[in-house]
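These notes are about the structure you will find just below.
The values are calculated or read from the model by the stated rules, or taken from the named source; none is laboratory data. Note that the coordinates shown come from a computational prediction; the quantities given were computed from them, not determined experimentally. Ligands, DNA and RNA are excluded from the accessible area calculation, which covers all protein heavy atoms including side chains. Shrake-Rupley method; radii C 1.70, N 1.55, O 1.52, S 1.80 Å.
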Amino acid sequence: LVAIVLFAHHHKDIEEIEFGIIDEGLQIDEKFFDFRDLKHFWIIYEPPVVKNLYFEFKSSTRPRITIPLKDINPVKVRKILLEHMEEDLSRETEPLSESLGRQLKI
């Protein structure tokens, strides 16, 4: 069963999402996340391997949001976000679950 899931996931097309930072919060495709619901953000930028923006919710029941930055300038993103919320400077590496997923290609 695990092999089937891994095979299906590996051959699935990567879906592009629309992401925007607006005055009130984050717009990710059709979903909106108010800045008041977000605890903090952090950026892990270690090109070419990791270029991600992370958001953590105030509610511990909601999973973190990961946004691949691709070719977006992380300095500009950071500057805009600092106007609305705190940055978690203690996060210096990508989450273990994402690192393992990337290494295992799942």
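Give the residues of the range 17-50 that are assigned to a loop (DSSP other than H, G, I, E, B) and either under 13 Å from the mean Cα position of the chain (by Cα) or at pLDDT 95 or above (or both), sorted by residue number.
I17, E18
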Which of the residues belonging to the range 51-91 are assigned to a strand (DSSP E or B), under 16 Å from G25 (Cα atoms) and not acidic (D, E)?
-> L53, Y54, F55, F57, I65, T66, I67
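Give me the residue from the range 51-106 that is among the β-branched types (V, I, T) and within 12 Å of the chain's Cα centre (by Cα) and, out of that set, most open to solvent (accessible area, probe 1.4 Å). Break it down stepwise before answering.
Of the residues in the range 51-106, the ones among the β-branched types (V, I, T) are 61, 65-67, 72, 75, 77, 80, 93, 106.
From what is left, the residues that are within 12 Å of the chain's Cα centre (by Cα) are 65-67.
Numbers: I65: 21, T66: 44, I67: 8 Å².
Taking the candidates together, the pick is T66.
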